Amino acid sequence: MTARRIGRAGRAGQYAALLAYLVFLAFPFLWLISTAFKPPRELGSLHPTWIPEDPTLANFRQAFDEQPLLRAAGNSLVAALAAALIAVVIATPMAYTMARNRGRLTTAATGWVVVSQAFPFVLVIIPLFLILKNLHLINTLVGLITVYVVWSLPFALWMLVGYVRAVPMELEEAASVDGAGRLRTLVSVTAPLLAPGIVATALFAFITAWNEFFFALVLLKTPEKQTLPVVLTHFLGAEGVADLGPLAAAAFLATIPSLVIFAVIQKRITGGMLAGAVKS
């Protein structure tokens, strides 16, 4: 009985910790939604409330009137989709090679991939800026997409290596016996089993590019090319005073694509992983 009670208490503690963590994660988003629908009178109140007393859509109308949100969202969408697609296309064959050919070189490459993620943005922005300037890619979406691909590629590669190693070698050996070459095996046998991993990696690359701010701020100068995170800063005044209502409304709209994409594909990711585990 004592052991059973201890087990129940431990399980209750785990659930309590998980609930506290979820509340911690959800608090900023819920407060953002609440702020987006509050009129100016409630935003300046000394006693703020969770639920707006007089909800309004005026903040959303003001946000669209003051800033070109649709154009900025289009720029972000193009950059994020292109970066995610290119990163996955490049990382998939590289991950297959690293996972199937283990050795000192592969170990060193994997270590470099992990270490490269620790580099701060400030350390690489000057070399990147000079390279893109020489290539005449400053203030272009092509230049920004190139940076996003380079920045997301190491982590995408690291993720896909783990997925490739989870695919049983026996399947590839059977394909080889049937006369399939390495490329045919990768496309026809390994790639379908990697679909959940490829989707998860593409989602990571997309969200990273969609939310990225620093590179877009430095590399894009004209308003017509700026992405959504950069345009959101325009709701800050010259003295750093934020126009909270429109800013919250625009920020809320900016989070919707990532949430929708994850909600649509998360079941497929989970189902694909479970199917792969059963097959292996």
Task: Pair list, Cβ < 9 Å and 6+ apart or interchain, from the range 207-220 residues that are under 14 Å from Leu132 (Cβ atoms) to residues that are of a type in the set (Gly, Ala, Ser) - done: Ala216/Ser76; Ala216/Ala79; Leu219/Gly143; Leu220/Gly143
- [ ] Determine whether the range 186-205 contains at least one residue that is buried (at least 18 other Cβ atoms within 10 Å of the Cβ) and not in a helix (DSSP H, G or I).
- [x] yes
- [ ] Report yes if Leu228 is at pLDDT 90 or above and under 16 Å from Leu32 (Cβ atoms), otherwise no.
- [x] yes
TODO: Could you grab me the full set of residues in the range 134-186 that are aromatic (Phe, Trp, Tyr), modelled with pLDDT under 85 and out of contact with any Leu (no Cβ under 8 Å at 6 or more places or on another chain)?
DONE: Phe155, Trp158
Open item on the list: Pairs please, first residue from the range 136-149 and in contact (Cβ under 8 Å) with a residue 24 or more places away in the chain and farther than 16 Å from Phe204 by Cα, second anywhere and basic (Lys, Arg) and not in a loop (DSSP other than H, G, I, E, B), Cβ atoms under 9 Å, 6+ apart in sequence or on different chains.
Closed with: Asn139/Lys225; Thr140/Lys225; Leu141/Lys225; Leu144/Lys225
- [ ] Taking Arg71 as meeting all but one of (1) assigned to a helix (DSSP H, G or I); (2) open to solvent by less than 30 Å² (accessible area, probe 1.4 Å); (3) in contact (Cβ under 8 Å) with a residue 24 or more places away in the chain, write down the number of the exception.
- [x] (2)
- [ ] Restrict the check to the range 45-57 and report whether at least one residue is out of contact with any helix residue (DSSP H, G or I) (no Cβ under 7 Å at 6 or more places or on another chain), of a type outside the set (Phe, Trp, Tyr) and not in a loop (DSSP other than H, G, I, E, B).
- [x] no
Task: Scope the range 118-135; condition in contact with a helix residue (DSSP H, G or I) (Cβ under 7 Å, 6 or more places away or on another chain) and either open to solvent by 20 Å² or more (accessible area, probe 1.4 Å) or within 18 Å of Ile207 (Cα to Cα) (or both); matching residues - done: Phe121, Leu128, Phe129
Open item on the list: Go through (1) over 31 Å from the mean Cα position of the chain (by Cα); (2) open to solvent by 60 Å² or more (accessible area, probe 1.4 Å); (3) modelled with pLDDT under 80; (4) of a type outside the set (D, E, K, R) for Trp50 and report which single condition fails.
Closed with: (1)
Task: Enumeration of residues in the range 95-117 that are over 17 Å from Ala166 (Cβ atoms) and either under 21 Å from the mean Cα position of the chain (by Cα) or open to solvent by less than 20 Å² (accessible area, probe 1.4 Å) (or both) - done: Val113, Val114, Val115, Ser116, Gln117
Open item on the list: Take the conditions outside any loop (DSSP other than H, G, I, E, B), surrounded by fewer than 21 Cβ atoms within 10 Å (Cβ to Cβ) and of a type in the set (Ser, Thr, Tyr) and apply them to Thr233. Does it pass?
Closed with: yes
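The values are calculated or read from the model by the stated rules, or taken from the named source; none is laboratory data. Note that the structure is predicted; figures quoted are calculated from it, not measured. Virtual Cβ from ideal backbone geometry, glycine too; neighbours counted across all protein chains shown. For accessibility, only protein heavy atoms count, side chains too; no ligands or nucleic acids. Shrake-Rupley method; radii C 1.70, N 1.55, O 1.52, S 1.80 Å.
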